[in-house]
1. Can you grab the distance from the C-alpha centre of region B:124-165 to the C-alpha centre of region A:88-159, Å, no decimals?
2. Helix-derived [θ] at 222 nm for chain B: sum -39500 (n - 2.57) over DSSP H runs of at least 4, divide by residue count, nearest 500?
3. Treating only the Cβ of Lys, Arg, Asp and Glu as charged (+1, +1, -1, -1), what charge dipole size does region B:157-237 show about its Cα centre? Round to the nearest 20 debye.
4. Of A:293, A:136, A:270, which has the largest mean-square fluctuation in a 10 Å C-alpha GNM of chain A?
5. Show me the helices of chain B, taken as full DSSP H stretches, that run 30 Å or more along their long axis by Cα and average -1.0 or above in Kyte-Doolittle hydropathy.
6. Using helices alone, what [θ] at 222 nm do you get for chain A, with -39,500 (n - 2.57) per DSSP H run of 4 or more residues, divided over all residues and rounded to the nearest 500?
7. Only Cα pairs within less than 10 Å get springs; with that Gaussian network setup on chain B, which residue of B:174, B:100, B:246 has the largest fluctuation?
8. Work out the charge dipole of the protein assembly as shown with +1 on the Cβ of Lys and Arg and -1 on the Cβ of Asp and Glu about the Cα centre, then indicate which of A:159, A:252, A:9 is farthest towards its positive end.
Amino acid sequence: MNVYLDNNATTMVDPAVVEAMMPFFSEIYGNPSSLHRYGTASHPAITKAINQMYKGINASDKDDIIFTSCATEANNWVLKSVWFDKIMHGEKNHIVTTEIEHPSVLSACKFLEDQGVKVTYLPVNDQGVVEAHTVRSFITEKTALVSIMWANNETGMIFPIKEIGEICKEKGVLFHTDGVQAVGKIPVDMQDVHVDFMSMSAHKFHGPKGIGALYIRDSQKLTPLLHGGEHMGGRRSGTLNVPYMVGMAKALELATENLQEKMASIAAKRDRLEDALLSGLTDVFTVGNRANRTPNTILISIRGVEGEGMLWDLNNALIGASTGSACASADLEANSVMLAIGADNELAHTGIRLSLSRFTTDAEIDYVIERFESAVKRLRAISSSYAIVQPTAGGEAGEHHPHH
Amino acid sequence: MAKNDLMSGSLWDQYSNKVTTLMNAPTNQGEITQEECDTAGHKLIVADFGAESCGDAVRLYWEVDPKNDTIVNSKFKSFGCGTAIASSDMMAELCIGKTVQDAVKITNIDVEMSLRDDPETPAVPPQKMHCSVMAYDVIKKAAGLYLGVDEASFETEIIVCECARVSLGTLKEVIRLNDLTTIEQITDYTKAGGFCKSCIKPGGHEAREYYLVDILNGVRHEMDVEKMQSAADAGGLGDFETMTLVQKIKAIDAVIDESIRQFLIMDGGNVEVIDVKDSGEYIDIYIRYLGACNGCASSSTGTLYAMESTLKEKLSNKIRVLPI
């Protein structure tokens, strides 16, 4: 059985989304900026897509939702343009973010640090969450922007966006949230929270890759990242990607309609899987309180089993999962999320992320439970952590050794 | 970056069949007990290397016949990814039948070569090469335990790049002999830095004692100093052509002061050296006439000829004197 449990990395495009996109490739293909009938033929679909987007996140008509090529673009846009607007051409010089943001936020922040901007990377607590009071204590008069994800990709933990938004509003600081792991998974209501900018990505909620969006509260100023033909009111130039806009909006509509029911259904499967693994295996633990987690995510630590080794066995069993601590990553620092939540150092390389979708079936969960347990059994049989014969006197691994 | 780098490719697809096979079913996985060794009159050696907190840990077991120091059986336990398990398995395999003294000579390169399907194709992608390095270290540790010596005594040179096993001495020599100026060149010549890249500069996969950037800078600096010193020494011996630019200018000025300037001053003129350009074929001395010399007919004929021939005679035949 093929089971895809890596839906926090990307998702299958819903066939209904593909169907909605199809007319806009070879039938209604005119450039929406053209005056002729071929160009204007797509206008009703664009209007519909925009309406679906606003409804999907309950944005106000005063707000902007600007389509981008992806969430990486949206994140870069906010960080670099706030830098341009408020730091290069303003009095500010400080950005607050967290240690566990997506690379598109962290790398952009590192780049800004190279340009002389001060960046504070906030730690997370033992639940893997940044606490609102921590955010408050690091905002200064020089702070231009707070950028904190809505939910974490590795743990699924949901951050206190409403509280942080209130703090930023009170302090008069811009607030950006990377909503990639939240939109389409949990309720995201832009009229309930005070967020200035929110990044989104279609392919995380069964839309196509290659399209994202940036929500901009009250259509406020943010210098464009891409200059060009004044598309989308000049905020983001580039010929409108009609089929993908239609696809993203349709996917958002499908993900958010009856959201509570969908969440309950996914959470039931997730909980069943998590309970089975926790009860069927010894020396395992999962990260974060389920009540404050996206309903599809499990980050499980398995003592004595290195993450990539586990992925290998799962892959042999046709199960796709992921690990935050790939042995081949350029930086073999222990998984920062695992360390942040207070896991022992020796467990930092044992994390496996299982992320479900609304297409995950009960039969798939049963299969994963069985194969997951047999993989753990096999790898623990090989593992030095479970060896019985102890090292010869003097043969223990030294405290200092040249590797890692 | 170029076309072939645009798609990074699948890490696992680059494993040899041997690596895949051993990962799926390691043959030497397991433990050797004290009882087994006691029965046969053999000695049990168990050594650990690495740590789970670092992402890689291996435990190596040797059953050694003390009569001839031969490793009659070897097993391993490993916490690590697929290549770590396959490398550990091959390491144990290579130990079996060897004397402890010979086993110490097994390097991570031997392990990797043994994991190849064909001799020309690497068994693992470059960034996985470091997984086999632990095999080398744990063998040294086990041998140290058996022979009762410090494991460090097996290492006769400082290894900078453990993946490619390139020593500090080799690197310094290669940089110097081939006049290397970039890290890329060092990797091309020695393979150092071509695998896990930790040894290139701080901040990589693991912290290192020596980094290629520092070694390169150090050797280049040494080479520059030596070059200057030899030029200075040569200048002291009066070898004009190998002098540094500053020495050349001083020497030219000295010749002008000694043999030329006084005659120009007598005629109410003077000369100053503006620049010296050494093309290898010629050493061009750019001069400017001052005072009465400026515009004097002889300044572009007789005086110039006399000045050039004097400088040629006293310093170098390559000299050309060019008024501006």
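1. The distance from the Cα centre of region B:124-165 to that of region A:88-159 comes to 41 Å.
2. Details: 12 runs with 129 residues, N = 324.
Helix contribution divided over all residues of chain B: -12000 deg cm²/dmol.
3. Working: 9 positive and 13 negative charges, 42 e Å.
So the dipole magnitude of region B:157-237 works out to roughly 200 debye.
4. A:136
5. Details: long enough: B:212-236 (35 Å, -0.17).
Length and hydropathy pass: B:212-236.
6. Working: 13 runs with 144 residues, N = 404.
Taken over chain A, the calculation gives -11000 deg cm²/dmol.
7. B:246
8. A:252
Quick note: the coordinates plus some simple rules give every number you see, no bench work behind them. Source: prediction; values computed, not measured. For neighbour counting, all protein chains shown are included, and Cβ atoms are generated from backbone atoms with ideal geometry for every residue, glycine included.
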